[in-house]
Each structure stands twice: as structure tokens, then as C-alpha cells.
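Here is the structure we will look at, set down as C-alpha cells.
The values are calculated or read from the model by the stated rules, or taken from the named source; none is laboratory data. Note that the coordinates shown come from a computational prediction; the quantities given were computed from them, not determined experimentally. Glycine also receives a Cβ, built like all others from the backbone with ideal geometry; neighbour counts cover every protein chain displayed. Surface areas here come from the heavy atoms of the whole protein model, side chains and all, with no ligands, DNA or RNA. Shrake-Rupley method; radii C 1.70, N 1.55, O 1.52, S 1.80 Å.
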Number of protein chains: 4
Amino acid sequence: MDNEVGTEIAVSTANAIYIRGKDLVQDLMGKIDFTSMIFFHLRGRFPTDGERSVLDASLVAVMEHGLTPSSITARLIYSSSPDAMQAAVAAGLLGAGSNFLGVMEGFARILQDGAAAIRAGETTAEKFARTTIEGYLEAGKSVPGFGHHIHRPDDPRTPKLLEIASKAGVSGVHADLLTVFSETMDELKGRHVTVNATGAVAAVLSDIGFSWRIVRGFSLIGRSAGLVGHIAEEQERPLGRVLWAIAEENVPYLGEVPGDD
Amino acid sequence: MDNEVGTEIAVSTANAIYIRGKDLVQDLMGKIDFTSMIFFHLRGRFPTDGERSVLDASLVAVMEHGLTPSSITARLIYSSSPDAMQAAVAAGLLGAGSNFLGVMEGFARILQDGAAAIRAGETTAEKFARTTIEGYLEAGKSVPGFGHHIHRPDDPRTPKLLEIASKAGVSGVHADLLTVFSETMDELKGRHVTVNATGAVAAVLSDIGFSWRIVRGFSLIGRSAGLVGHIAEEQERPLGRVLWAIAEENVPYLGEVPGDD
Amino acid sequence: MDNEVGTEIAVSTANAIYIRGKDLVQDLMGKIDFTSMIFFHLRGRFPTDGERSVLDASLVAVMEHGLTPSSITARLIYSSSPDAMQAAVAAGLLGAGSNFLGVMEGFARILQDGAAAIRAGETTAEKFARTTIEGYLEAGKSVPGFGHHIHRPDDPRTPKLLEIASKAGVSGVHADLLTVFSETMDELKGRHVTVNATGAVAAVLSDIGFSWRIVRGFSLIGRSAGLVGHIAEEQERPLGRVLWAIAEENVPYLGEVPGDD
Amino acid sequence: MDNEVGTEIAVSTANAIYIRGKDLVQDLMGKIDFTSMIFFHLRGRFPTDGERSVLDASLVAVMEHGLTPSSITARLIYSSSPDAMQAAVAAGLLGAGSNFLGVMEGFARILQDGAAAIRAGETTAEKFARTTIEGYLEAGKSVPGFGHHIHRPDDPRTPKLLEIASKAGVSGVHADLLTVFSETMDELKGRHVTVNATGAVAAVLSDIGFSWRIVRGFSLIGRSAGLVGHIAEEQERPLGRVLWAIAEENVPYLGEVPGDD
């Protein structure tokens, strides 16, 4: 891509809106679904059926995880400012931070770097997986894409995502490399380690051609929908004040009080 | 709905995730698309084909508008913190504020209040539209859902959304009321006034049963996808620094400089 | 103020930074304290000793309130993304929303509108207070600046702020009007109602000349410091994961689980 | 510090608020200024005069830099949602991201690690500076605390901050180490390199005992005040719409338009 200053995304005239070279009203609305529109917006072309299946499954998989820092935050903020729903969704997305999304991005980068090196004949899947995992273990760091605090021995979303990609005919080198990583990890640790959904999403989105640099964007899109669901429930069955009261009751003040003797 | 403290949204076990009574892996992933999942998350049931068509078209319609305060913000923040993409999307969503989303919500409320009053026999569509619009005009306020700074005489998304809803068989009293509002507005103003996409989305989402209280959530979902698209372009064709430089060049310092004489 | 496009705030050259007509390094750093700098930034002149005392006391008063939606949010977000402290502070500020800050702004507006009308001879303090409060009570709405869920019968910050302003010689018509509001409220309700710190801050900041439109900014400045304090404690004595666990334990899943019979 | 769950920050009773063991109303309001309160909140004790001088100067130094991504963002968001000032300040703080604050934090960490190693007799200031800088240069990375796109050859805030700390009697090993870093940098690069304000703030805050982990908090506090100043100007002399128009005018659409031939 050249360095010309400008945008290829969109422009409006008095009676039309063009998005990436298509007419929003004539070519897109009513013709493609939201998932295809997301793909088109990022890639400049419509997805194949297989690509769309994988993107749908990924967005469905990451959308909702119950009460997490992200959704608790959204509910607290919504109860503080019910007139500014966008603030609640924005705050909740800020909770979708490095400890979750950074992991997805990091593992997608590993898989894409590995796939490129294998393709260039510089290494094999087995060597690459072993070297990479050993590096993390020696540094005392957790390997991105592995481990889960609830889902053991397996995260049920992982085989499902891989199966959907495979059936859709778009499974490729990154999913294969994930499998090698999993086998190598189990061998090196001497026990089975969960491949979490983060790892599986990283693999299948890599296989349909997304750069590791943008994959965390799909979590943000999926999560924004999850947070709107929490706000809808908050409107009917409010938890914001309850969550505040629970915190106050369960977190004691450990400081002094003047005059105490 | 009762007032019991709790959530109906989701729960996780070691080997399953249940969302609103369904098994995420068995019942949802690979079975439904993202749009249907959003509908299911908010309503507790899957959409009909017609409902899904309208929701898809609405999300596609609101996703992207080129360089707006929302997308400019996302690009500035991304260039400041490329390691925290969630901050860029969150900041951009904060720009989807009252001047845009409040308008959609406000007009959905008017349509739903009007439809209820008409159903109860308290007024007619014509009377309701006239009274409401006159109230705004007398107060010197703009009527939500009407007017656009670029799209004149018509916002091309508006007839398209109404046509999609009609063909899908889910157009109803709110879309009808929108038409009456438009005719009444033109008569009272003595000229044609644009019904903008905000107004049309408010109508068609009301007709598929969403409360006015949650409709701005769909703009947030759609917009989050639009913002991820801007970030993807920012990674390849950065504008953040350009936008900063343009602002510095075009906005002069009007204050004094010490020592000036 | 004219409508010329530009800013009077700041400009940089290779060897100087000018802020509102002063040289940052020569005239401000080391010469004035942070509170005076805040006043100068907003008003274009340094505060008197009395004005500074009131601003200091107001910022100290609003800085910290323990575990509230705002600080809980900041701690949850920090634990999700410890590498992006700005996201935690930003999310916490989003919790300083309309239910708190809107109230301060709303009451400052009432006091300033009232003071203007009294000065113009259109009403008296007693009449204005009575009419205003009766309007809220008849509409079934709470009067901004009054009531507190913990501090009863009195918010201890309120008399202190008024005393500081009085001793500093900058108490004026807005503080006097607050006193009349309080007496009228008690009479109309037939019992003593707390004047909360929000109401007192609105009065004393109005008396030192700040527009009601900007007063919530002082809460944001004070609160940002409070949130940084919570993050500092989070680094040493983490609560983020605890708050998450407490929420999960105390908020049951009320939905169905497939296969239940 | 023990691992007991709880907070030492604050607790409220019906007639008192205790913050870190002091009574807010009796011991803090009217007795200490805002800067001392910030110090007290973070450290649990009041600052000495010297410590307060350095903290004041640091906050004054980082508060305002004119039109930057942070303040442009705040003004765009404020113009989108003037009813939610907290959203504008929050969005602006998200622009105070890794490219600025991460740098301050990174350099404070280098200085504190270096000072500890020197104290332990493991290295000297000269050796530590040389090794550290060479590491960055060999990796092709910029050294945190050095360089500025406008202030050349020197950032005027840097000598001023060091002078204030020195006169206040609280300059110490970190400021000394900064000087050694600067001399080493100039020697290794063969020309004078700017020590920017970020580097100087990192040094003087380290010398008054703040951990590198919290120093970016002071930028957030200072910047929040700067952003409130921009919002105050936005209320009188709006730039938000101007900034949007400038962006639209100066950033062309580079995509196709259907039907072009």
C-alpha cells in the first residue's frame, strides 16, 4: 500500500454513501448480513461461505461470558449514568484488555510467524512449537492460548471452532500448527493442558487470512454485543447497586479511625 | 419480571457454557449467525427470517460513516496507544453520543409512545404526529429523526430500510407512524424535510419488538465494527499523526505571548 | 467572546511553552501550586488566597469516597489491563456520571439562575427557593443537592465547605441561597433533609465565579486523583479479582440449563 | 504488606468520612491543599515542603500541551455529547497512552533499577547508563526520556524541574543518574539529544519516593485538569465541529465510486 494520505473506507454525497467502492444502499443493505459486512469492511471483498461460517462462529464464541470484569463494569457504569449507554459499553470494552485480548493477539502472532517460517523452510511445525513453548516455560511465563481457570481439561469451544473451520473447508496451516502446539505442550508439561477459546479463535481467524494485528478487534465487536445484552438485563433486573453493596459488605476497611485506642 | 437478584444471561461449568438456557457449543456455535445470536441474547429466542433481515440491514446501515468525530477519535487514540486497541474502540464509542444516539432513542420512544396511545384509542396517528411535531417546533427544538447535514432532500438509507422491512413482512405500526410523521412535518414546515437513517432504524427496530430503551445499543454494536475497520486501515495507512498535524496547522493560537509589544 | 476559530490555551515553540499568555517555565512552574494552575487554566488569571482556599477544599472534598462504582470499576479494569493505567482511570471517570455529577451541575445552575433573578429584582431568595422546590416535589423528583444514603442528618462536608468559604471571605449570594433552600426544604418536608457535599460544592464554586456549565469538571479532576490512589493500592493489595469472585458468588444464574427436567 | 482482603483507603459513617486514618472534615479539608492531599492519598503521610514543591511543579508541567491527540479527542467527544462531560475527559485520557505515559513509566523504572543496582555496589552510574543506552541503540529503539519533536536542543521544562527539586533540597540519586544518562547519550550519539520533560518528571518523582509503577498516574491527574480547561474553552469557542470539518476537507477518499469509468 502506498503512503498517500487518505482513506479508502467511505465517502458520502447528497444521495449516496460509498463504502470501499460499493454503494451502501444499492449493493450492501438487504444484500449481505452483518458478519459479511464486517468482513467486507476489513478486507474489501465479500467472504466465501466458509469464511463467513468461521467468522460467525468466532463472534458467537467470544460474545458472552457471564459476569466478568467487563460486564460487571458495564453494569456499574450504566447504573451511574443510565442516560449515556455508550459510556457503559465503552467502559466494559476497556475491561477486555491485555490479559484476555493481548493473549489472542499474541498467539495469533506466534502462529502466523511460525507458519511463515515453516513455509520458508526455516523450521518445521514440531521444532517451532517446541522452541517457542520452551522459551515461555524457561522464562516462567504462561503460553498464550493455553490454560483456563474454569474449563478443564478442555474448553468446549476449542474443538467446536476447529470442527466448524474444518467442515467449512477453510482449516489450514494455523489450525494444524495449533494441534502441534497442543501435543508438544502436553509432552513438555507431562499432562494435558487446556487449549482455550482464545487460542482456537486465533488459529481459525488466521486461517481465513486475518493479520494477528487486527484479531483482537473481533473480540471487541463480539463483546460489544454481549455488553448491550447485559445493559438490556440491567434495565429489567438491575444489578449495579447490588454489585456495589456486595463490594462494600465484603471488603473491610483496614485503615485506622482517629480516636481509636 | 420479578425482582430476584441474579442474572439469566450466562453461567459456565468445567465443560459447558450456558447462555440464556442454551448450550453455547451444542446449540449456538455453528448453528446460528452473529446477528441471530445478538437477537437471541437480547430477546431469549431466535429471530424469524424477517426479523433477522431487518436487524442485519440496520446494523449494516449504521456501521460506517467515514471520518466522523467517532472514527477520528479512534484513530487518534490508536496512534497514541497502538498496544491497547480496546482504548481506541472505547474512545470512538464515546463519540457515538447524545447528538446521534440520543436522537435514535428519543424518536423510538416517540413512536412507541404514539403506537401505544393509538392502540389504546386515545389518539390517531395524524393527531399524535401533529401534536408532537408542533410541540418541538414551538419549543424551537429539532424533531428527532428528521434533518441531515449532507443527505438532502432524502437520506437514501431511509426508504431502503422501510422497503426491506416491508418485503420481509415485519413492517408495522411504527413504520406507518413514521410515514405520517414525515407527511405532517412537510406540511407544517411547508417544505420537504429529510427523514434520516436514525429515524428509519428507530421505526423498523420498534416494529420487530425492541424497546426504545435498548435501540441505541444496536448503533454501538454496528459502530464498534466500523471502528475496528478504521483501526485496520490505520495500521496500513496511518492518519492519526496527520489528523493531529492538520489540527495544529488550521487552529491558530489566539492568546498572547509574553514580551509581545 | 468572538467566534474566531482558534484556541487561547497554549502554543509551543522550540524553546518555550506559552499557556494563556504566560511562559510555562518562567512564569508558572515553581511559582504557583497545582490548584492555582487549574484556576489559571480555566479563568486566565491567578486566584486570590480566598478563591484558592475554596478550590482546594472542594477538590479535597470530592476526591475520595472509598469503594464506589467509580473506584470498583477502576480496580476491575486495572486488573484486566495493568499495562494501560489510563484505561482504568478513564473507565472510573465514566462512573462519575449523571447520578452524581449531573446533580452538582444541576444545582449550580439553579443557584446561578436564582442569583441572577434575585439580582434583577424578579424574585426573592425565599420565593425562588419555594417555587423551585415545590416544582421538584410536585413532579415527584428529588431536589439536586439534597439527601444522602449514608450521611444523615447531615453531610459533615457541607458546613465545613461553607465555613471555609466564609472564613476566606469569598462566601456570597449562592451560599446564602443554599441556606434559604435548606430552610425551605425542611419546612416543606416537615423534617430536616441533608444538604449533601454536592450541593455545598455547587454553592461555593458558584461564589468564586465558576459557571454551572464547568463545575462537574472539578469533580472529574478530584476523582482522577482518587482513582490513581485506588490503583496504587491495587498494585500492593489487589482487589480486582476479589471483586470479580464476590460478584460471581453472590449473583446466581437464574436461567435454565438444557436437559433440566 | 500483608495479603488480607480489604482497603486502607476510606470508610464512611453517618457523620464522618475517614481517609487513610484521618477525618476528612476535621483533619484534611481546609488544612491541606489539593497537592498535599494527592500525596497523602498515595503515601499515607503529608509531604514535606520540598516534596510538595516538586509534586506541584510536576503536575503544572504535564497539565497542558495545547492541541494534542488527547485534547483534540476531548473536544470532539464533548461536541458529540455535551451532556456527558465525563465521557470527553475519559476519552481524552485514553489518548495519554503508551507513546507518552509508557515512556515516563519506562524511564522511571530504568532510573530506579539503576539506583538500586548502584546502591548494591553492582555497577556505577556511568556503566549503568552506558550499558542501558547501548542496549536500546543496538535494538534500534528510542531511549525513553530522550528526544522531542518540537523542543530542540532542549526541553525548557527539564532544567526547570531539576532546579526546583535541587532548590527544594529533594534532588537525589535519580536526578544525578539522569544527568549521567544525558552526558552518556550525547557522547554515544556524537551530538546533543534533548532530555524531555517526561524524563525529568520521572527523575524528580523518583527522588521524592514514588515507585515507577505509579508515576504515570500523575500525568493522568495533571492531564485531567488540562482537558477540563479545553472543555471550558469548547463551551465558549467551539472547535469540535471545526476539527471534524478540517479532517473531512484534508483527508480525501481514495476508494472507488461505483459506476466510475
Residues in the range D:1-40 that are touching a Pro at 6+ places or on another chain (Cβ under 7 Å), part of a loop (DSSP other than H, G, I, E, B) and either more than 7 Å from every other protein chain (Cβ to nearest Cβ) or closer than 24 Å to D:Phe218 by Cα (or both): how many? 1
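For every residue, the table says whether it meets (1) modelled with pLDDT under 95; (2) surrounded by fewer than 24 Cβ atoms within 10 Å (Cβ to Cβ).
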{"site": "B:Ala14", "(1), (2)": "yes, yes"}
{"site": "B:Arg20", "(1), (2)": "no, yes"}
{"site": "B:Ile32", "(1), (2)": "no, yes"}
{"site": "B:Ile38", "(1), (2)": "no, no"}
{"site": "B:Gly44", "(1), (2)": "no, yes"}
{"site": "B:Gly50", "(1), (2)": "no, yes"}
{"site": "B:Ser53", "(1), (2)": "no, yes"}
{"site": "B:Ile77", "(1), (2)": "no, no"}
{"site": "B:Asp83", "(1), (2)": "yes, yes"}
Wholly within the range B:69-168, which helices (runs of 4 or more DSSP H) include no fewer than the required count, namely at least 1 residues that are over 18 Å from B:Phe181 (Cα atoms), touching a residue at least 12 places away in the same chain (Cβ under 8 Å) and under 20 Å from the mean Cα position of the chain (by Cα)? B:69-80, B:85-94, B:157-167
Starting from the range D:16-41, keep only residues that are in the same structural domain as D:Leu55 (by TED's automatic domain parsing), then list their pairs with residues that are open to solvent by 10 Å² or more (accessible area, probe 1.4 Å) and modelled with pLDDT under 95 whose Cβ atoms are within a distance under 8 Å, requiring at least 6 positions of separation or different chains. none
Per-region count, the range D:44-56, residues within 18 Å of C:Gly222 (Cβ to Cβ) and in a helix (DSSP H, G or I): 3
If a residue must be charged (D, E, K, R) and closer than 25 Å to B:His230 by Cβ, how many such residues does the range B:41-68 contain? 2
Hey, does the range A:182-194 have a residue that's assigned to a helix (DSSP H, G or I), within 25 Å of A:His65 (Cα to Cα) and either at pLDDT 95 or above or out of contact with any Leu (no Cβ under 8 Å at 6 or more places or on another chain) (or both)? yes
More than 15 Å from D:Gly222 (Cα to Cα) and either among the small types (Gly, Ala, Ser) or surrounded by 24 or more Cβ atoms within 10 Å (Cβ to Cβ) (or both), is that true of D:Ala117? yes
Would you mention how many residues in the range C:147-174 are farther than 17 Å from D:Val25 by Cβ and at pLDDT 95 or above? 6
Residue among C:Thr194, C:Thr179, C:Thr184 that is more than 22 Å from the chain's Cα centre (by Cα), surrounded by 14 or more Cβ atoms within 10 Å (Cβ to Cβ) and either of a type in the set (S, T, N, Q) or farther than 23 Å from D:Asn15 by Cβ (or both): C:Thr184
In the range C:206-261, which residues are part of a helix (DSSP H, G or I), surrounded by fewer than 17 Cβ atoms within 10 Å (Cβ to Cβ) and of a type in the set (Gly, Ala, Ser)? C:Ala245
Of all residues in the range C:167-208, how many are touching a Lys or Arg at 6+ places or on another chain (Cβ under 7 Å) and within 19 Å of C:Ala125 (Cα to Cα)? 2
